[in-house]
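Have a look at the structure below, then the notes.
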Amino acid sequence: MDDKPKPDSGNEMWGGRFAAKPAAIMQAINASIDFDQRLYAEDIAGSKAHAAMLAAKGIIPAADEAEIQRGLDAILAEIEAGSFAFSREREDIHMNVEARLAELIGPAAGRLHTARSRNDQVAVDFRLHVKRALAETDGALGRLIEAFLDRAEEHAETVMPGFTHLQVAQPVTFGHHCLAYVEMFARDRTRCRDAIARMDESPLGAAALAGTGFPVDRHMTAAALGFSGGPTRNSIDSVSDRDFALEFLSVAAIAATHLSRFAEELVIWSTPQFGFVRLSDSFSTGSSIMPQKRNPDAAELVRAKTGRVNGALVSLLTVMKGLPLSYSKDMQEDKEQVFDAIDSLALSLSAAAGMVRDMRVDAGAMRRAAGHGFSTATDLADWLVRELGLPFREAHHVTGRAVALAESAGTGLEDLSLDALRTLHPGITDAVYGVLGVDASVRSRTSFGGTAPANVRREIAAWRERLAARA
């Protein structure tokens, strides 16, 4: 009787080393096809480039390469048509594609994996996917910036309170406030482009970790896959790091944080206590029990998704932090959080752009609030310095007394009589009233980067030129 273990068809990927199937729980924890099937387009593109290179270098016959290309095109069509049957027993996208290729073209399919490993294969797939996600994020950020520029132009002279500590500080224009987000999201765009530049090298051909003895042309495959930086220069690093994914998550977390800050302002501004904006029905929901409610749920969900993106960054940092070189199976846990962050950020950027374009701004409510809280106190102090030659610290003290006087009288600074102001400093003249209004205040802030309407319009024009140049 033959007691030798029988080879099992479920282990064709492992060759002759294993004779039995892994346990069901091992299959469950080991399989990644449920999520990495998302990499199908990149995986097929990498295989097509690899096959073309192998044939060009005489490593595989040209006839086999032609069959491989035909089969890969057929698989791509099947996946995109939704007719491809993904198998968990085949673990991942790489083995699913390779197994189907064997079904379609026979033994020639076995030549495709010459001079490569799943280690460099997944590295190139994932890098291509993250590169594309960054490019799409860059575009979505550009559309959000355009939405803010349109609102800034519309409200270049709309006065609103500027806040520090969420307390009324000084009057600003709503256009200037919108441009603050333009600056933030524009920096996020530069981070996208910087990250792409750093990851724009191909790991394909690094094989398992040591390179290959076949005379491959890694520059050829790098060019075919659109890697402008050529191939990676160290085979160990090529398969063992995921800093490109970490950098995407870092960029995403910063952008999501900017989105969250804006979403928080929309939540606050849309309350009856503020009433600065009203979100359209397209981005609001109601209550199941309170018929009067208009909830800013889109803004709240944008705010919440930031937690998912930030969590993804921390998760992958934790996965990678203790791994010795080179590849470890832990790195299979690098994709789900990245995919989730890609989706969450894309959805949040689209929702934010929609809310910016659709929201109705109540300029009257903003103006009324801008005059509260003695918001022109700094203008009074500046006037005392400029017109009376007081040292700023003395002017600050005089102005503080003026605020206390107005507060005790229940009035604004602009409502204090000239006689009352002269009790604080005899040199004050009625010219001071020219700086105590919110309109005069914002018009006076003409320093570079200031809130003056003329500045706002100039910056809008400059940003539109930059966007056109980048396009």
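The values are calculated or read from the model by the stated rules, or taken from the named source; none is laboratory data. Source: prediction; values computed, not measured. Quick reminder, even Gly has a Cβ in these numbers, built from the backbone with ideal geometry, and neighbours come from all protein chains shown. Each accessible area value is taken on the protein alone, full model and side chains, heavy atoms only, with ligands, DNA and RNA left out. Shrake-Rupley method; radii C 1.70, N 1.55, O 1.52, S 1.80 Å.
Listed here are the residues, each with its yes/no results for (1) aliphatic (A, V, I, L, M); (2) open to solvent by less than 10 Å² (accessible area, probe 1.4 Å).
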{"residue": "R367", "(1), (2)": "no, no"}
{"residue": "R386", "(1), (2)": "no, no"}
{"residue": "D415", "(1), (2)": "no, no"}
{"residue": "T423", "(1), (2)": "no, no"}
{"residue": "L436", "(1), (2)": "yes, yes"}
{"residue": "A468", "(1), (2)": "yes, no"}
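With the structure loaded, tell me whether V319 is over 12 Å from the mean Cα position of the chain (by Cα), assigned to a helix (DSSP H, G or I) and either under 30 Å from R143 (Cα atoms) or assigned by the TED database to the domain that holds S250 (or both) or whether it fails that test. Answer is yes for this residue.
Report yes if L405 is open to solvent by less than 10 Å² (accessible area, probe 1.4 Å) and in a helix (DSSP H, G or I), otherwise no.
Taking the combined requirement at face value, the residue does not satisfy it.
The residue that is farthest from the chain's Cα centre (by Cα), counting only those in segment 273-298 that are at pLDDT 85 or above and assigned to a helix (DSSP H, G or I), is D297. For R261, the stated conditions hold: it is at pLDDT 95 or above, farther than 25 Å from Q332 by Cα and surrounded by fewer than 16 Cβ atoms within 10 Å (Cβ to Cβ). Within segment 27-48, work out how many residues are open to solvent by 10 Å² or more (accessible area, probe 1.4 Å) and in a helix (DSSP H, G or I). Summing the residues that are open to solvent by 10 Å² or more (accessible area, probe 1.4 Å) and in a helix (DSSP H, G or I) in segment 27-48 gives 13. Any chance segment 456-463 includes a residue that's closer than 30 Å to E153 by Cα and small (G, A, S)? There is at least one residue in segment 456-463 that is closer than 30 Å to E153 by Cα and small (G, A, S). Inspect all residues belonging to segment 342-362 and state whether any of them is surrounded by 21 or more Cβ atoms within 10 Å (Cβ to Cβ) and of a type in the set (D, E, K, R). No, segment 342-362 has no match at all.
Listed here are the residues, each with its yes/no results for (1) aromatic (F, W, Y); (2) under 30 Å from G354 (Cβ atoms); (3) open to solvent by less than 40 Å² (accessible area, probe 1.4 Å).
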site	(1), (2), (3)
S117	no, no, yes
T158	no, yes, yes
V168	no, yes, no
F174	yes, yes, yes
Y181	yes, yes, yes
T221	no, no, yes
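Just for helices (runs of 4 or more DSSP H) wholly inside segment 154-272: which have at least 3 residues that are among the aliphatic types (A, V, I, L, M) and more than 16 Å from the chain's Cα centre (by Cα)? Can you show your working first?
Working: elements: 174-199, 218-224, 235-240, 243-269.
Here the list reads 174-199, 218-224, 243-269.
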